[in-house]
Every structure is written in C-alpha cells, then in structure tokens.
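A.B. asks: First, the structure itself, so that you have it in front of you.
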C-alpha cells in the first residue's frame, strides 16, 4: 500500500511541470530543495534525538558554495557544485559537530544556534568577500555538462532544472532510506531512546551523534546549493537562526517520527506559506499558531494524524 | 582464572565517601552476589566497575588489563556487560530491535550505513536466539515501552546477554518483579549464561532467597566497605552480616 | 583618548542596563519553569513599540516632553501583562513535555509576535526622535553622555537591587526560589504552582517589555529587533549562567561593554566576538559564571 502511494506521488511530482501552472511548478523547486535538507535534518532530529537551532548554517554553506563557484570561480557544472557543497558541508560540520555533540538538549541547541549566528555574522559583515546583506549572485548552472544559458529562465527552471532536482531528491531519499534502515540507523535510534543504555551496549554515543551530524550537514549543503539557482541570489538570512527554527518547524509539521513526514512538512509549509502570502503578508502569525497547535495537540505532526503509529519521544537526554 | 579484580576502590562525592577501599576478586565460573543495606554503595560499586563512574582511588583490572576509569563503551567491547537497577530499555524500539542493536554492536557492524539490517542474517539470527532464550520470542515485535515491568527487566538483561559478554553485572535484576517471576528470571538467567558462554556473574541483590539460592560467593557491603566476602554458609554464620544486612528473622529455604 | 573610552564604556553600560532587564526576565523564567523563552526578545520589541505609542499619545494629548519617561516606562511595564495571557493560554500546556517542545512553542510565539507587531505598527521603523535630549547631556570625564542614558542605568540598578530584595527578603521570593529548586517539594508544601508560574512568567515578560521601552529613545524600533536581541540575551545568560540573577547582571555587563568595545575598534567584529565567547563558554564552562546544574 505504501509503495503504491509512493509511486503515485512520484509520478505526480514528475507530471507537475506538464499539468500544473508554471507558478505552481516553480513552487515545487524550493520544496524539493527543502526536501533534501529536511531528510538530513530528520536524521539528526527524529532518528538521533538532537534538535539543532543552527542547521541553517549548512544551508548557507551550500548556497554560498554555489554562488562562489558560479559567479566568482566560473565553475558552472551543477554536479561539481553539489559535490563541493556536500564536501564543504562535511568539512565545516566535522569540527562544529565534534564540539556540539558532547552536549545535549538545550545546550546542544544553544551551541548550534551560536555557530549558526557566527556564520551569519561572517556572511553579513565581511561584505567584500560575501556581498554583505545583498548577498551573492548564483549564475545558471550547467546540467550534466550542458549549457542551457539560451533557454528562457522559466523554461529552464520548470524544465531541465526541475527534473534534475527531482533526480537529486530521489537519490537523496534513496540514500537516506538505506541509512535509516541500516545497522547504523538502528544504533542512532538506541541513542535517541536511551543514551546510557546505548553506551552499556557498546554504542559510542558521541561518535554516532557526530556521524549523524555530519551526514545531516551534507544533506543541508546539497539542499542549500539547490536553493540558489531559482532566485539567482543567495543572502545571509539563509543562515539566520529563525531559518533554522523554520526547518525544525517544517519537520515537526510533517511528523518527525516518520521517514516521509519531513517531506510532507516541507510541501505543506511551502504551499501554505504561498497561499497565506497571497492573501495577507502575515504568514508568520498563521504559522506560529499552527506550530503552537502542533506542539500542544499534535506533536507527531501530520503523519501522526494519518498513521496511527508509535508514540514519539524526543531524546530523554 | 581471575576475571575481575578491584583493589582499594574508593569513591568520594565531595565529602561523602560512597566507597572506601573496596577489594574484590571474581574468578571464572563464579556467581557472586553483592548484598548490603540501602546506601551501602552497591550501585556505586557497579557503576565504578562498569565505567559509568571514575573511582577517586584504586584500580580495576578486567582479564588482567587495567581498566580503571575506562569508558562503558570500551568495557562493553572488552566483554563486560551490565543491566540496570532502574530498568533501562529503548522505549520506541521493539524487543527484537533492542536485541538486534546489541548484536550489531557485538559484531561491530554499527558503522554500516548502507547495509540492510533486515537482510543481515547473522544479526537477525543472533537477536532471535537471545529472544528465545529469554522467552521473549513471541513478544519480539512489541514496543519495549508497552511491555509489562517483568518483561522490561528481562529485556534489559537479555540485551546485555546478547553482547555475549564474559562477565555480566546485574543490578537488582529481580527488583520490582513479583515473587513468582523472580525465580523464572533467575532460572532463565542461569540457563542463558550457560548457552552463551558467560564466565561469571556479579549480581546486586536484596532478595535473600535468591542470594542464597544461586551464589557461589557473597560479598556484603556496609557503608562503602566490604564487611564480609565468603561462601553462603559462612555468611549465614557471620553475626555482623546477619545483623546489618540479612536480619535475624531470615530462615532461608536452603 | 579618555573621552572616547568613556563614551564607549558608557555606551556599553547603557546597553548592558537594557540587556540586564531582558536577561533577568529570561533567567527568572528559566530558573523557575525551566523554559528558555525564545520569545523574550519579541516581548522586548513589543515593549518598544508600545512605549513609543504611549509617548506619542501622551505628547498628542498635550503632555510635557520632559515627562515622556513616564508614559514610556508605564507603557512598557503594563504591556507585560500580556505574559499572563501567554502563560495561561499557551505555555501551561507544555510544562510536562520535553524541553524541545517547550522551546518550539516559544519559537511559535516569536513568529506570532513578529507578525502581530507588524500588523499593528507596520514595517517602518518608529522612534521618539531626539526626545530624550530633553533631559540634556552630562559631561563625564570629557565625554558627552545623554542624561537619559544615566537615568536608565540608574533605573536598571534600582531594579536589579529590587529583584535581589524580592528574591531574598520576601516570602514570595522564597517561594520562587523554592519552586526553582524543587518543584515537587514546593507543591507538597502547599505552594500553588500555577500561581507561581503565572506570576513569574509575567514578571519575566514585564522586565523584557520594560527593557524594550527604555531602549527606545536611543534606538529606533524595528521589526527585527526582537529576533536580533534574543541572540544577545542568550549570550548574556550563557556567560552568566542559566538561571542566575547575578549571572544576568555580570553577563549583561560583559556582553554590553565588549560589544561597545568591538564596535569602536573593528565594526565587523561586533556580535562575532560575542558569539565566539558564547561558544568558548559553552565548551569550557557550560554552566557559565554563576550557573547551577551541569550539562
């Protein structure tokens, strides 16, 4: 049953550029990018039990990697950009994660928030390097080596770029599925549920948390790099702490106790935000209320409402 | 062969002395019970021996190696496992998954990111074997949080056993469990230890029936010190132990 | 040279005075209810906007500019009552939940308050212009300091002393400290926890809104001021130690003065230096200068 739904949704996703309006098709682009980001975030949140308030740091790393490569270094291959974003995400996450995973709960949240804001401040203040609050331009990347510079922008975005993104999302989903259902994934869940017991069973809690942290950062970097081309610009707000809060919100919205919950969360968040914004510019008011509602009444998110599953519990510490 | 040796183990919490120069030797083939009134330092001793706490002074040797202050994870890898006084389980994992986690750890497969857990025959077989040993096989798909208390305790112990350790330290494995279940658990424990090649068991225990029914040797702790370390018969005859720990009214069944 | 140093120091101390108020609000809520209120910055912003409106209304009604401090402070203080609504209406549902959910609920508050402010006051920055100069300027060691700033610093010190007195000398203060120490015990001794929580949270909110109102003459009220301030307030409580009033005081001084120094020496640094210190503190001494429990 689950597989049927999945196939239907995947088909629907691929059909969107042909059946839906261009506007809606372009909305799917940030959805797919955030889908990748959230798959990684939920490895850390839902499966390892760590709530980061600085994850947007890695989104920023990925986004600016794309900007620097295309507009400063003349590298236009999206494959290279994504690879670089992944590697840089890992390189930054390694030391940051090594420091942060020694702490749990609120201290972990605070440390990650601080790191995120360090990067934001760097992006904002060192404007000679980063363009300051105006950000940097991202030039249209080549897809699979092909320069599509002559295509009109919209055609490029809802055509080749769309399918490229869908491909990346599919690959990212496949990889994360394997990771989550591997012996490694099981170890992460033991750490989430009971770190003391996990240690007693020989699972090194800090080391595994670190692995999860780095992997989730790689996903965020890749997703961040994919956020750049549609708008053609990246700016420091990508790394701001409220952005980190928003992606945690998206994950919670969809349901962090399920594999596909975060994807659902990204989809609903983006569409709902768009719908609300078309009526009134105060989407935060609506979303804040939704978040409050979820936290109080429906902590397992939308997936929790559809699927009567295991009750959830974020790391007891 | 001496499996575990503690010498002069002392633990201070600021000014409070929880353990004062505890010496302890456990040889292969032994079932050693640690008894003592509340606050005697039994759990502290277990925590020091299993790497949860660093001793303020003294040494601990496991299989001839100095493991003083070693981490819990390191000790688990060396062949020392434990269960907890306040039962510790993974609430959102099933019984089978809990045991699988232990087997994964034992086989060193924790870093296999892309391998399928479901299709790992060794892990599946190993987990199922332990589940059957402990009578949890028919509940193997139940979530740990939904298990009755006795089964949670069994699972805590079973997952420690799934590591196939050489030495296991059990902290009150039958506390909070009904009398009927207690003997069941103990018999399962003894049978399982033979099956997995366990070499020695250290058990903190309050129930004197179990202590005298199963132990080769009894160590009585009192106010952080070893009061007596002898066979059950000798302990029963030791007036000091009877007064402070066992109580005069105890007749015993053996 | 000296006037410049005095200027920088006084600017830092003024900022510290405001930070202390907000941080104190954060600390008292964390200490008693164990909730880190991300929305304290938003309350700060709320207080700022309400303060400005109160001042404008006062002036429009013909009030003398010299007394502008009254509507400003009163407005800031009174809007703190919104804390009761938030606590009874939202927060109390998550007291028994995991920390993460509590944190996320306060984040929901941040979102809602940000837009609520925009809806009410619009997005253009608001200010009281040069109104604060009505109190004139003082010359301190060759530097020119607005008297208003000195008034605020003095007020903050008085409030700090007041909080200290409240916590140590009054029955209610003892109840607060008991609840912070051991909630179950306090409950068993007959303390009405709901009342305590509601009062403490409102107190914390009011401190934040007051801080926001008092800062206004020196800065303009802008829609991002809330989400920007929380990071500074967070730095203060990390450095000072979560839950500690003394920590709020010392931490505010450290952050306020360091920031002023950083801005005057190398503007790019500003908050970067603060964040690096936060990271250093969290790594080297997680409980900060005066904090209690361990990681």
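Each reported figure results from applying straightforward, stated rules to the coordinates on display, with no laboratory input. From a predicted model like this one, the values you see are computed outputs, not experimental measurements. Note: ideal-geometry Cβ built from the backbone for every residue, glycine included; neighbour counts use all protein chains shown.
A.B. asks: What is the gain in length, in nm to one decimal, between residue C:95 and residue C:137 on full extension, counting 0.36 nm per residue of separation less the C-alpha to C-alpha distance?
C.D. replies: 10.4 nm
A.B. asks: How do the peptides C:253-260, B:94-101 rank, highest first, by the average count of neighbouring beta carbon atoms within 10 Å per residue?
C.D. replies: The most tightly packed comes first, giving B:94-101, C:253-260.
A.B. asks: Take residue A:207 and residue C:184, extend 7 Å from each Cα along the Cα→Cβ direction, and tell me the distance between the two endpoints in nm.
C.D. replies: Between residue A:207 and residue C:184, the label points sit 3.6 nm apart.
A.B. asks: Kindly provide log₁₀ I(q)/I(0) values, in the same order as q = 0.05, 0.07, 0.10 Å⁻¹, from the Debye equation applied to equal alpha-carbon scatterers of the protein assembly as shown.
C.D. replies: For the protein assembly as shown, the Cα-only Debye profile gives -0.34, -0.65, -1.16.
A.B. asks: Determine the shape class of region A:110-217: with a ≥ b ≥ c the square roots of the Cα gyration tensor eigenvalues, call it rounded for a/c under 1.5, and otherwise prolate if a/b is greater than b/c, oblate otherwise.
C.D. replies: Oblate is the answer for region A:110-217, as a/c is 1.5 or above yet b/c matches or exceeds a/b.
A.B. asks: For the residues B:207, B:243, what sequence is obtained by ranking on other C-beta atoms within 10 Å, fewest first?
C.D. replies: B:243, B:207
A.B. asks: Once both axes come from the Cα atoms, what is the angle between helix C:40-60 and the longest principal axis of chain C, in degrees from 0 to 90, rounded to 10?
C.D. replies: On a 0 to 90 degree scale, this one is about 50.
A.B. asks: Same structure again: Take every Cα-Cα distance within chain A, group them into 20 Å bins from 0 onward, and report for each bin the whole-number percent of pairs it holds.
C.D. replies: Whole-percent P(r) values from 0 Å outward: 33, 60, 7, 0.
A.B. asks: Please give the helix B:95-107 orientation as an angle from the longest Cα principal axis of chain B, in degrees from 0 to 90, rounded to the nearest 10.
C.D. replies: Around 80 degrees separate the two axes.
A.B. asks: Over the Cα atoms of region B:71-127, Rg to Rh with Kirkwood Rh, two decimal places?
C.D. replies: 0.98
A.B. asks: Here's a follow-up. Fewest Cβ neighbours within 10 Å first, please rank B:34, B:235, B:188 accordingly.
C.D. replies: Sorted ascending by nearby Cβ count, the order is B:188, B:235, B:34.
A.B. asks: Can you pull the Rg over Rh of region C:1-117, Cα-only, Kirkwood?
C.D. replies: 1.08
A.B. asks: Once each part is reduced to its C-alpha centroid, what is the distance from region C:249-295 to region A:76-153 in angstrom?
C.D. replies: 25 Å
A.B. asks: In whole angstrom, note down how far apart the Cα centers of region B:177-203 and region A:1-64 are.
C.D. replies: 49 Å
A.B. asks: When the label point is put 7 Å from the Cα of residue B:122 along its Cα-to-beta-carbon vector, which residues of region A:177-206 have a backbone N closer than 18 Å?
C.D. replies: Within reach of a label on residue B:122, which here means backbone N under 18 Å from a point 7 Å along Cα→Cβ, region A:177-206 contributes A:182-187, A:202-203.
A.B. asks: Per the Kirkwood formula on distinct C-alpha pairs, the Rh of chain B is how many angstrom?
C.D. replies: It works out to 18.8 Å.
A.B. asks: Once you average over the residues of C:272-283, how many Cβ atoms of partner chains fall within 10 Å of each Cβ?
C.D. replies: 5
A.B. asks: Right, next: Mean residue ellipticity at 222 nm from the helices of chain A, using -39,500 (n - 2.57) per DSSP H segment of n ≥ 4 over the full residue count, to the nearest 500 deg cm²/dmol?
C.D. replies: It lands at -23000 deg cm²/dmol.
A.B. asks: Compute the length gained on full extension between residue A:178 and residue A:94: take 0.36 nm times their separation in residues and subtract their Cα-Cα distance, giving the result in nm to one decimal.
C.D. replies: 28.0 nm
A.B. asks: Packing-wise, with mean Cβ within 10 Å as the measure, how do B:117-130, C:40-53, C:177-190 rank, highest first?
C.D. replies: The packing order, highest mean first, is C:40-53, B:117-130, C:177-190.
A.B. asks: Sticking with this structure for a sec: How far apart, in nm, are two points set 7 Å out from the Cα along the Cα-to-Cβ line at residue C:88 and at residue A:134?
C.D. replies: It works out to 5.2 nm between the two label points.
A.B. asks: Let me ask something else about it. Apply 1/(1 + (r/R0)^6) to the Cβ-Cβ distance of residue B:132 and residue B:1, taking R0 = 30 Å, and write down the FRET efficiency to the nearest 0.05.
C.D. replies: E(calc), rounded to 0.05, equals 0.50.
A.B. asks: Separation between the residue B:234 and residue B:175 pseudo-spin-labels, each 7 Å from Cα along Cα→Cβ, expressed in nm?
C.D. replies: Computed distance between label sites residue B:234 and residue B:175 equals 2.7 nm.
A.B. asks: Just checking the output field for A:173-182: average partner chain Cβ neighbours within 10 Å of each residue's Cβ?
C.D. replies: 3
A.B. asks: Still on this structure, I have one more. What is the helix-to-structure angle for C:225-240, meaning the angle in degrees between its Cα long axis and the longest Cα principal axis of chain C, kept from 0 to 90 and rounded to the nearest 10?
C.D. replies: 60 degrees
A.B. asks: Show me A:138-150, C:119-131, C:146-158, A:55-67 ranked by packing, highest mean number of other Cβ atoms within 10 Å first.
C.D. replies: Packing proxy ranking, top to bottom: A:55-67, C:146-158, A:138-150, C:119-131.
A.B. asks: Between B:197, B:150, B:41, where does the largest GNM mean-square fluctuation fall for chain B, given springs only between Cα atoms within less than 10 Å?
C.D. replies: Maximum fluctuation in the GNM of chain B, among the listed residues, is at B:197.
A.B. asks: Could you list A:293, B:84, A:287 so that the one with the fewest beta carbons within 10 Å of its beta carbon is first and the one with the most is last?
C.D. replies: Result, fewest neighbours first: A:293, A:287, B:84.
A.B. asks: Can you give the Rg and Dmax of region A:204-317 based on its C-alpha atoms, in angstrom?
C.D. replies: That works out to 15.7, 50 Å for Rg and Dmax.
A.B. asks: Find the centroid of the Cα atoms in region A:220-292 and in region C:187-206, then give the distance between the two in whole Å.
C.D. replies: When both Cα centres are located, 35 Å separates them.
A.B. asks: What average count of beta carbons from other chains do you get within 10 Å of the Cβ of residues in A:102-109?
C.D. replies: The per-residue average across the peptide is 5.
A.B. asks: In whole Å, largest first, what are the principal axis extents of the Cα atoms in chain C?
C.D. replies: Principal-axis extents of the Cα atoms in chain C, largest first: 57, 47, 37 Å.
A.B. asks: Would you please state which residues of region C:87-102 a label at residue C:194 would reach in this model, taking the label point 7 Å out along Cα→Cβ and a backbone N cut-off of under 18 Å?
C.D. replies: C:87-97
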